[in-house]
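Notes to accompany the following structure.
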Amino acid sequence: MPEAVAASLRERILNGEFEPGQALVQETLAAEYECSRMPIREAFRQLEAEGLIVTKVHKGAFVASIPPEQVMELFELRAMLETDMLRHSLPFLTEKHLSVSEQKLQELDQAYRHNEISRWGTLNWEFHKSLYAASNRVQSLAIVAGINLQTERYIRLQLLLNQTFNTAETEHRTLLDLCRAGDETASIPFLKNHILNAGRELVDALQAKKER
């Protein structure tokens, strides 16, 4: 039950149903999910570990709110760690690895075209992760997976506001082609710019939304 509740609350946070800073009331959620408060508390612990909610003593749980400058910091961390993982992965990428990347990219493109919002973040990370599969950087992968989860709701918002699907598709295709060619000189800076540009566009979109 706690896992099911956590999965449901995670998706509701990521799709924007619960907004940053909004209180999550145990009693209300327990009534909604028709369970005791225990599974809700366990779900809260899991979501807090993922960085999606924060709990405050004597105040309760709230959806985590990340200032725009910290959002950019997360993308800078992604760029640093993911370029390192790609550098370690490139020499050992096989056709099997690349076929997985191709499959994930096709699924992501399809999710864009059919507006399957709930799949965007997961498939985007699965595509990126597939390129790092041969890196043997287990701890880095775990850290970046957590960062992607924290930023997924904002990435969904950015795509909805800016409709930059074609740019994302083109850049992902170019990145895969460079990795297939084993071109470290071109692929590493391309990946870095891809991540940092996405971060800058996201921060701009968040600030524009805030000013409305």
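The values are calculated or read from the model by the stated rules, or taken from the named source; none is laboratory data. Here the structure is a predicted model, which means the values were calculated and not measured. Don't worry about glycine lacking a Cβ; one is built from the backbone with ideal geometry, like all the others, and counts go over all protein chains shown. For accessibility, only protein heavy atoms count, side chains too; no ligands or nucleic acids. Shrake-Rupley method; radii C 1.70, N 1.55, O 1.52, S 1.80 Å.
Out of Leu141, Ser130, His172, whose Cα points farthest toward the positive end of the dipole of region 84-179 (charges: +1 Lys, Arg; -1 Asp, Glu; placed on Cβ)? Working it through, the farthest residue towards the positive pole turns out to be Leu141.
With semi-axes defined as the square roots of five times the eigenvalues of the C-alpha gyration tensor, the equivalent ellipsoid of region 124-207 measures 22, 17, 10 Å, largest first. Specify whether the C-alpha gyration tensor of region 37-155 places it in the rounded, prolate or oblate class, a ≥ b ≥ c being the square roots of the eigenvalues: rounded for a/c under 1.5, otherwise prolate if a/b is larger than b/c and oblate if not. Verdict is prolate for region 37-155.
At 1.4 Å probe size, with the rest of the protein present, what percent of the exposed accessible area of the chain is carbon and sulfur atoms?
Within the chain, the accessible surface is 52 percent carbon and sulfur.
Placing unit charges on each Cβ (+1 for Lys and Arg, -1 for Asp and Glu) gives the chain a dipole about its Cα centre, and among Cys35, His194, Ser89 the Cα reaching farthest toward its positive end belongs to Cys35.
Coordinate range of the alpha-carbon atoms in region 79-132 per principal axis, descending: 35, 26, 11 Å.
Relative contact order of the chain: 24 percent, from C-alpha pairs under 8 Å at least 6 residues apart in sequence.
If you add up the charges near His194, with Lys and Arg at +1 and Asp and Glu at -1, over every other residue whose beta carbon is less than 14 angstrom from its beta carbon, what do you get?
So the environment of His194 carries a net charge of -2.
Neighbours of Leu175, meaning other residues whose beta-carbon lies under 15 angstrom from its beta-carbon, give a summed charge of -2 when Lys and Arg score +1 and Asp and Glu score -1.
Normalised by 2.2 N^0.38 Å, where N counts its residues, the alpha-carbon radius of gyration of region 95-170 equals 1.12. Database remark: amide H of Ala64 closer than 5 angstrom to the amide H of Gly21, Ile53, Val54 (H placed geometrically; neighbours at sequence offset of 5 or more, or on other chains; Pro and chain starts carry no H). The 3J(HN,Hα) values that the Karplus relation (6.51, -1.76, 1.60; θ = phi - 60°) gives for region 24-30 are, in residue order, 10, 8, 4, 4, 5, 5, 4 Hz. Gly and Pro appear as x. Here's the list of aspartates and glutamates a cross-link from Lys104 could span, going by alpha-carbon distance under 20 Å and ignoring same-chain residues fewer than 8 apart: Glu82, Glu95, Glu116, Glu126, Glu152, Glu169, Glu171, Asp177. Over the chain, the fraction of Cα-Cα pairs per 5 Å bin, rounded to whole percents and listed from the shortest bin up, is 1, 7, 14, 18, 18, 15, 12, 8, 5, 2, 1, 0.
Ordered from highest to lowest accessible area with the whole protein assembly present and a 1.4 Å probe, His114, His58, His97 read as His58, His114, His97. The magnitude of the dipole of the chain, with charges of +1 and -1 set on the Cβ of Lys/Arg and Asp/Glu and taken from the Cα centre, is near 300 debye. Couplings 3J(HN,Hα) for region 66-75, derived from phi with the Karplus relation 6.51 cos²θ - 1.76 cosθ + 1.60 (θ = phi - 60°), are 10, x, x, 5, 7, 4, 5, 4, 5, 5 Hz, where x marks Gly and Pro.
For region 1-145, the solvent-accessible area with a 1.4 angstrom probe is 52 square angstrom per residue.
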